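Quick notes on the structure that follows.
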Amino acid sequence: MLTGETGVDMKSETKPIHGLTRNELVELCAGLNQPSYRAAQIWRWLHVNRVGDWQQMTNIPAAIRTQLAGSFSFFSMQAEGSKKSADTSLKVLARLHDGETVEFVVIPAPRRTTVCVSSQVGCKFDCAFCASGRSGFTRSLDAGEMVEELLLAEKEYGEKPTHVVFMGIGEPFDNYDNVLKAVRIINDQEGLAIGARRITISTCGIIPGIERLAGEGLQVELSVSLHAPNDELRTRLMPVNRRYGVGPLLDACRQYTQQTGRLITFEYAMIRGVNDSRSHAEELAGKLKSFQCRVNLIPLSEVEEYGGKASTPEVVNMFIKVLGEAGVNATLRNSRGSELKAACGQLRASHARKA
Ligand code: SF4
């Protein structure tokens, strides 16, 4: 019988095997009275050889394979459709084992292939400009499902991902444990081997998640969606601001930078006539000028559910100038893949384009 020491509930329905960390696989094999090298063998079959079913694990005893198959699913996710945009980004719709669907997007750029991963089915946070938030929340993804998004992305796109951004559907810090497990699995040198600095976690400003991440000792990039310089406007755009206001959020970000030595990127979707005036730029500059950080200005990706328009290039340039004069490093990011209209499309491009 399988033990529950892996943290996986063995009694319930099967879980994606790709969601087990190396340590969990070792614990699992120990519970099956198997030597520790068995875990390394299974890991290689899963993450290096990328086998398609249990029977291909030829050096694993048949009885062990049968036991594992009773508790873990192999590939629980299937591509159901895909769509390429004019800029060659590829959006894939994936069907999950319970019939739910998620989307992920592959964004090519010179010397990099970025996959924008979803962390939840739907989202609780209901940002005004986001189509995903409007359809409500269904469930969080298991770590294995997020790893499978990358494996499926590689299969559908035909290239190994080099960068990962947790900027798809859902709020990563609302599914913290699974997201961090997925990060550790895809960061493992045997397998997808995506360096921590090539992994970005994006949050709408969940302060406890920022505080926990600071203590993880990981070199991942952190991106915080700000989108407004004050509470009144930010609450209108992002209801999460009622709970985690601008002041406490920026304090948590400062603390994160002090503790980790890592710069945070603030995302700011520029919405015509809403958050793009000179006084907004000056207010933002005032709050960030003493703070070592980066600001990505992203002209709004227009979605049907929200009537806002993107700021004009002149206004974006004014914003960059005002921030720059205050010593704040601000950059324009184009919305590659935005025509695909998936999830936090406001943000997706911002990391995909860095050289
Ligand atoms: S922008 Fe992100 S956090 Fe906000 S509703 Fe959309 S998916 Fe959720």
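The values are calculated or read from the model by the stated rules, or taken from the named source; none is laboratory data. For clarity, every value in this text was computed on a predicted model and none was experimentally measured. Using ideal geometry, Cβ is built from the backbone for each residue, glycine included, and neighbour counts are taken over all protein chains shown. Ligands, DNA and RNA are stripped out before the accessible areas are found, and what is left, the full protein with its side chains, is counted by its heavy atoms. Shrake-Rupley method; radii C 1.70, N 1.55, O 1.52, S 1.80 Å.
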key: Qualifying residues in segment 225-237 (those that are in contact with a helix residue (DSSP H, G or I) (Cβ under 9 Å, 6 or more places away or on another chain) and in contact (Cβ under 8 Å) with a residue 24 or more places away in the chain) - the one most open to solvent (accessible area, probe 1.4 Å)   = Asn230
remark   = Scanning segment 161-184 residue by residue, the ones that are hydroxyl-bearing (Ser, Thr, Tyr) and touching a Phe, Trp or Tyr at 6+ places or on another chain (Cβ under 8 Å) total 0
query = When you scan segment 94-118, how many residues do you find that are surrounded by 15 or more Cβ atoms within 10 Å (Cβ to Cβ) and free of Cβ contacts under 8 Å to residues at least 24 places away in the same chain?
reply = 2
ask   = For segment 131-192, list the helices (runs of 4 or more DSSP H) that sit wholly inside it and hold at least 2 residues that are surrounded by 21 or more Cβ atoms within 10 Å (Cβ to Cβ) and within 16 Å of the ligand (Cβ to nearest atom); which are they?
value = 131-134, 143-157
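Looking at Ala355, is it buried (at least 23 other Cβ atoms within 10 Å of the Cβ), modelled with pLDDT under 95 and not basic (Lys, Arg)? It would help to see each step written out before you state the result.
Details: buried (at least 23 other Cβ atoms within 10 Å of the Cβ): no; modelled with pLDDT under 95: yes; not basic (Lys, Arg): yes.
It is false that Ala355 is buried (at least 23 other Cβ atoms within 10 Å of the Cβ), modelled with pLDDT under 95 and not basic (Lys, Arg).
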query = Considering segment 52-73 alone, what residues qualify as being within 20 Å of Glu154 (Cβ to Cβ) and surrounded by fewer than 18 Cβ atoms within 10 Å (Cβ to Cβ)?
reply = Gly52, Asp53, Gln56
task = Test Leu222 against the criterion of being open to solvent by less than 30 Å² (accessible area, probe 1.4 Å), within 15 Å of the ligand (Cβ to nearest atom) and not in a strand (DSSP E or B), and give yes or no.
result = no
request  = Scan (1) within 15 Å of the ligand (Cβ to nearest atom); (2) open to solvent by less than 10 Å² (accessible area, probe 1.4 Å); (3) more than 19 Å from Arg294 (Cβ to Cβ); (4) not polar (S, T, N, Q) for the single condition Ile206 breaks and write down its number.
outcome  = (2)
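If you go through segment 212-219 one residue at a time, do you hit one that is open to solvent by 20 Å² or more (accessible area, probe 1.4 Å) and in contact with an Asp or Glu (Cβ under 6 Å, 6 or more places away or on another chain)? Outline the logic, then answer.
Kept after step one, since they are open to solvent by 20 Å² or more (accessible area, probe 1.4 Å), are these residues of segment 212-219: 212, 215-219.
Then drop every residue that is not in contact with an Asp or Glu (Cβ under 6 Å, 6 or more places away or on another chain), which leaves none.
Checked segment 212-219: no residue is open to solvent by 20 Å² or more (accessible area, probe 1.4 Å) and in contact with an Asp or Glu (Cβ under 6 Å, 6 or more places away or on another chain).
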Answer residue from segment 88-123, given it is in contact with a helix residue (DSSP H, G or I) (Cβ under 8 Å, 6 or more places away or on another chain) and assigned to a loop (DSSP other than H, G, I, E, B) and is nearest to the ligand (Cβ to nearest atom) among those = Cys123
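Taking segment 81-93, which residues are open to solvent by 20 Å² or more (accessible area, probe 1.4 Å) and touching a Lys or Arg at 6+ places or on another chain (Cβ under 7 Å)?
As a first pass, look at segment 81-93 and keep what is open to solvent by 20 Å² or more (accessible area, probe 1.4 Å): 81-84, 86-88, 91, 93.
Within segment 81-93, Ser82, Lys83, Asp87, Lys91 qualify.
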key: Top-ranked residue in segment 238-291 [being open to solvent by 10 Å² or more (accessible area, probe 1.4 Å), over 23 Å from Thr200 (Cα atoms) and polar (S, T, N, Q); ranked as farthest from the ligand (Cβ to nearest atom)]   = Ser290
